[in-house]
Amino acid sequence: MSLLVVGVSHRSAPVSVLERAALSADAQAKLLQDTLAAEPAAEAATLATCNRIELYADVDKFHAGVAELSTLLAQHCGVGLEELTPYLYVHYEDRAVHHLFSVACGLDSMVVGEGQILGQIKDALALGQELHTAGRLLNDLFQQALRVGKRAHSETGIDRAGQSVVTFGLEQLAGGTDVAGWARGKRALVIGAGSMSSLAAATLARAGAGEIIVANRTQARAERLAEILGGAGVTASAVPMDAVDGELARADLVVSCTGATGLVLTAESVARALGEEFTPAEPLVEPVPDVPADATAATAAARAVDALEQHGAWAGTAGTAAVPRPVRRIAAADAAAPRLALLDLAMPRDIDAAVHRISGARLVDIESLADASADAPMAADVDAVRTIVSDEVAAFGAAQRAAHITPTVVALRTMAAGVVAGEIARLDGRLPDLDDKERAEISQTVRRVVDKLLHAPTVRVKQLASEPGGAGYADALRELFDLDPLTVAAVSRADLTDLSNTDVKNRGRA
């Protein structure tokens, strides 16, 4: 196993970088295809959420793999490699497995313990299967990550340690008061009709919101969500996106999560809805890095490998803080009831960050949630989940190492069966007068002898191969019994063919 992950997340990068590094669905597909076409990668999968982008691959060379994956990630997410490199983290082999299992359990989420990440991992696996970029290693890895995540949620109280980002965001808007009491009777405008916006609408409905207005670029989806809410007894309606400014003036609460690449609500439009004046702040001029004009992406990638390797050592440690940035804490003073409360769950952001400066508005966005989550107490169950992750990483590594030797063991038994068949045929030629019963008894006896001689060595070699450093036992077995490498390779290819057929049948049901 040569598993490599290169990624960027809320733990390693400021929100301003994550906003620009967002991957669309089309970009994810192209990234996977280009990764598989790159020389160091045999398999690839990508995990892209609102606060992380990670590229997983089975590579044959570590340094070449890091350079190639980093370059491809930068190209497809739209951020220059030189700028992205300081925020990238790298994990390899068992550390990469540990990272994904931790992500699946919610330990690496902005809100610890949230369960939405499991659906996103399932979607990542389904995309890799659909594009045929996920082979045996990544199929096994992502399937096991889903099982580990489900185990963590069923065997521990990690759900009590965290909430969905929607619930956590509404709690921050409520200023520490009960969300149900705070939201009851409010007129809410929900912008977007995807999974996160739908969850927000459902949460507000349960909290007793008086009316919910849904706006979406695709009117039919907005109407469908409003219809579902209405069926649950909530007063709900759908409006087109060009009606948002008008609805803004009548709303008490706005939740926005769309896939737009630009702002959906500007500070000017929010101020206008509140009848306030808004003066844009002077823009900050960032210094432009001095990059040689002839620097190519490949050259930049080669220079970045050492920095990434060092960065990966600290970025993956438990409890590592995000890159220092200007912090806007959600303080008690902010809890004074605003005329308009806004929750921005989009990445890149939907609502202009300058809304923070409007006196009648209170904005909670991804950056605010990251700051608030850093102050949240950790649940005691987190330690139990970490133990589960460590145990599962060890078990996964052992299973992968044991599976690596299986083709060699199969080839050995195939060779032995061939020797037995040859000797029985020779016996038939030398003793043609044997009747069928005698011939069958002799054949069975020879096979039992061979099976007994091979049983202990093959069981033991599987045990040894499953231990750390056991990869060399397959080579030793091939040397000792002079096994044909082509026969071993043929067994491996047959296994991959079976896997491919299984994937087609089960695709999307991870």
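The values are calculated or read from the model by the stated rules, or taken from the named source; none is laboratory data. Computed from a predicted model, the values in this text were never measured in an experiment. Glycine also receives a Cβ, built like all others from the backbone with ideal geometry; neighbour counts cover every protein chain displayed. Protein only, heavy atoms only, side chains kept; ligands, DNA and RNA dropped before computing areas. Shrake-Rupley method; radii C 1.70, N 1.55, O 1.52, S 1.80 Å.
Look at the stretch 39-51 and say how many of its residues are part of a strand (DSSP E or B), in contact (Cβ under 8 Å) with a residue 60 or more places away in the chain and not hydroxyl-bearing (Ser, Thr, Tyr). Break it down stepwise before answering.
Going through the stretch 39-51, the residues part of a strand (DSSP E or B) turn out to be 41-49.
When the remaining residues are screened for being in contact (Cβ under 8 Å) with a residue 60 or more places away in the chain, the result is 42-49.
Add one more test, that the residue is not hydroxyl-bearing (Ser, Thr, Tyr), and what stays is 42-45, 47-48.
Residues meeting the conditions: 6.
Can GLN75 be described as modelled with pLDDT under 95, open to solvent by 10 Å² or more (accessible area, probe 1.4 Å), of a type outside the set (D, E, K, R) and in contact with a strand residue (DSSP E or B) (Cβ under 6 Å, 6 or more places away or on another chain)?
Values: modelled with pLDDT under 95: yes; open to solvent by 10 Å² or more (accessible area, probe 1.4 Å): yes; of a type outside the set (D, E, K, R): yes; in contact with a strand residue (DSSP E or B) (Cβ under 6 Å, 6 or more places away or on another chain): no.
No, not satisfied.
Name the single residue, out of those in the stretch 52-66 being open to solvent by less than 20 Å² (accessible area, probe 1.4 Å) and either not aromatic (Phe, Trp, Tyr) or not in a strand (DSSP E or B) (or both), that is farthest from SER368 (Cα to Cα).
Within the stretch 52-66, the subset open to solvent by less than 20 Å² (accessible area, probe 1.4 Å) is 52-57, 59, 65-66.
Those still in the list that are either not aromatic (Phe, Trp, Tyr) or not in a strand (DSSP E or B) (or both) too: 52-55, 57, 59, 65-66.
Details: ARG52: 16, ILE53: 20, GLU54: 23, LEU55: 26, ALA57: 33, VAL59: 37, GLY65: 35, VAL66: 32 Å.
Applying the filter and picking the extreme gives VAL59.
Which one of these is touching a strand residue (DSSP E or B) at 6+ places or on another chain (Cβ under 9 Å) and open to solvent by 10 Å² or more (accessible area, probe 1.4 Å): GLU83, GLU43? Spell out the reasoning first.
Numbers: GLU83 fails: touching a strand residue (DSSP E or B) at 6+ places or on another chain (Cβ under 9 Å).
Of the residues listed, the single one that is touching a strand residue (DSSP E or B) at 6+ places or on another chain (Cβ under 9 Å) and open to solvent by 10 Å² or more (accessible area, probe 1.4 Å) is GLU43.
Give SER70, SER12, SER109, SER102 a once-over and let me know the one that is in contact (Cβ under 8 Å) with a residue 40 or more places away in the chain and either open to solvent by 20 Å² or more (accessible area, probe 1.4 Å) or over 29 Å from THR387 (Cβ atoms) (or both). Working first, answer last.
Numbers: SER12 fails: either open to solvent by 20 Å² or more (accessible area, probe 1.4 Å) or over 29 Å from THR387 (Cβ atoms) (or both); SER109 fails: either open to solvent by 20 Å² or more (accessible area, probe 1.4 Å) or over 29 Å from THR387 (Cβ atoms) (or both); SER102 fails: either open to solvent by 20 Å² or more (accessible area, probe 1.4 Å) or over 29 Å from THR387 (Cβ atoms) (or both).
Criteria check complete, one pass: SER70.
Can you confirm whether the stretch 152-166 contains a residue that is polar (S, T, N, Q) and farther than 28 Å from ASP371 by Cβ? Walk me through how you get there before you give the answer.
Kept after step one, since they are polar (S, T, N, Q), are these residues of the stretch 152-166: 154, 156, 163-164.
Next, from what is left, pick out any that are farther than 28 Å from ASP371 by Cβ: 154.
The answer is yes; a qualifying residue exists.
Please find, within the stretch 162-179, the residue that is nearest to SER109 (Cα to Cα) out of those that are open to solvent by less than 30 Å² (accessible area, probe 1.4 Å) and part of a helix (DSSP H, G or I). I'd like the intermediate steps shown before the answer.
Just the residues of the stretch 162-179 that are open to solvent by less than 30 Å² (accessible area, probe 1.4 Å), to begin with: 162, 164-166, 168-170, 173-174, 179.
Retained after the next criterion (residues that are part of a helix (DSSP H, G or I)): 165-166, 168-170, 173, 179.
Numbers: VAL165: 9, VAL166: 13, PHE168: 12, GLY169: 14, LEU170: 17, LEU173: 20, VAL179: 22 Å.
That would be VAL165.
For the stretch 180-199, name all the residues that are farther than 22 Å from ALA104 by Cα and aliphatic (A, V, I, L, M).
ALA180, ALA183, ALA188, LEU189, VAL190, ILE191, ALA193
Looking at ALA416, ALA425, which is the one that is assigned to a helix (DSSP H, G or I) and within 50 Å of the chain's Cα centre (by Cα)? Give the derivation first.
On the way: ALA425 fails: within 50 Å of the chain's Cα centre (by Cα).
From the options ALA416, ALA425, the qualifying one is ALA416.
Report every pair of residues separated by at least 6 positions or lying on different chains whose Cβ atoms are under 8 Å apart, first residue within the stretch 456-480 and under 13 Å from ARG413 (Cα atoms) and assigned to a helix (DSSP H, G or I), second open to solvent by 40 Å² or more (accessible area, probe 1.4 Å) and at pLDDT 75 or above.
THR458/ARG413
Any idea which residue in the stretch 227-251 is most open to solvent (accessible area, probe 1.4 Å), counting only those that are acidic (Asp, Glu) and either at pLDDT 95 or above or closer than 30 Å to GLU268 by Cα (or both)? Outline the logic, then answer.
Let us first name the residues in the stretch 227-251 that are acidic (Asp, Glu), namely 227, 242, 245, 247.
From what is left, the residues that are either at pLDDT 95 or above or closer than 30 Å to GLU268 by Cα (or both) are 242, 245, 247.
On the way: ASP242: 136, ASP245: 84, GLU247: 22 Å².
Checked the stretch 227-251; the qualifying residue most open to solvent (accessible area, probe 1.4 Å) is ASP242.
When both residues are 6+ apart or on different chains and their Cβ atoms are under 6 Å apart, which pairs have a first residue that lies in the stretch 248-262 and is on the phi < 0 side of the Ramachandran plot, and a second that is open to solvent by 10 Å² or more (accessible area, probe 1.4 Å) and assigned to a loop (DSSP other than H, G, I, E, B)?
Cβ pairs passing all conditions: ASP252/LYS186; LEU253/LYS186; SER256/VAL264; THR258/VAL264.
Those residues that are assigned to a helix (DSSP H, G or I) and surrounded by 10 or more Cβ atoms within 10 Å (Cβ to Cβ), I need them from the stretch 428-444; list them, please.
ASP428, GLU438, ARG439, ALA440, GLU441, ILE442, SER443, GLN444
Checking the conditions here, which among ALA281, ALA302 is at pLDDT below 90 and in a helix (DSSP H, G or I)?
Working: ALA281 fails: in a helix (DSSP H, G or I).
Answer to the selection: ALA302.
Restricting to the stretch 200-243, name every residue that is aliphatic (A, V, I, L, M), farther than 14 Å from ALA180 by Cα and not in a helix (DSSP H, G or I).
ILE212, ILE213, VAL214, ALA215, ALA232, VAL234, ALA236, ALA238, VAL239 - these are the residues of the stretch 200-243 that are aliphatic (A, V, I, L, M), farther than 14 Å from ALA180 by Cα and not in a helix (DSSP H, G or I).
Have a look at ARG206, ARG184, ARG224 and point out the one that is open to solvent by 30 Å² or more (accessible area, probe 1.4 Å), touching a Gly at 6+ places or on another chain (Cβ under 6 Å) and basic (Lys, Arg).
Values: ARG206 fails: touching a Gly at 6+ places or on another chain (Cβ under 6 Å); ARG224 fails: touching a Gly at 6+ places or on another chain (Cβ under 6 Å).
Criteria check complete, one pass: ARG184.
Name the residue that is modelled with the lowest pLDDT, counting only residues in the stretch 342-367 that are among the acidic types (Asp, Glu) and open to solvent by 30 Å² or more (accessible area, probe 1.4 Å).
Looking only at the stretch 342-367, we keep the residues that are among the acidic types (Asp, Glu), and these are 344, 350, 352, 365, 367.
Still in the list and also open to solvent by 30 Å² or more (accessible area, probe 1.4 Å): 352, 367.
Details: ASP352: 92, GLU367: 81.
Per the criteria, the residue is GLU367.
Inspect the stretch 396-415 for any residue being open to solvent by less than 80 Å² (accessible area, probe 1.4 Å) and modelled with pLDDT of 85 or more and give the result as yes or no.
Yes, the stretch 396-415 contains a residue that is open to solvent by less than 80 Å² (accessible area, probe 1.4 Å) and modelled with pLDDT of 85 or more.
Search the stretch 39-57 for residues being modelled with pLDDT of 90 or more and among the β-branched types (Val, Ile, Thr), and hand back the single one that is farthest from MET196 (Cα to Cα).
Among them, the one singled out is THR46.
Tell me which of these ASP159 doesn't satisfy, since it passes every other one: (1) open to solvent by less than 50 Å² (accessible area, probe 1.4 Å); (2) touching a residue at least 40 places away in the same chain (Cβ under 8 Å); (3) not aromatic (Phe, Trp, Tyr).
So the condition that ASP159 fails would be (1).
Please determine, by comparing only the residues of the stretch 124-139 that are part of a helix (DSSP H, G or I) and not small (Gly, Ala, Ser), which one is most open to solvent (accessible area, probe 1.4 Å). Show your work before the answer.
Taking the stretch 124-139 as the starting set, the residues that turn out to be part of a helix (DSSP H, G or I) are 124-130, 136-139.
Then keep just the ones that are not small (Gly, Ala, Ser); that gives 125, 127, 129-130, 136-139.
Values: LEU125: 4, LEU127: 38, GLN129: 10, GLU130: 113, ARG136: 88, LEU137: 12, LEU138: 1, ASN139: 6 Å².
Selected residue: GLU130.
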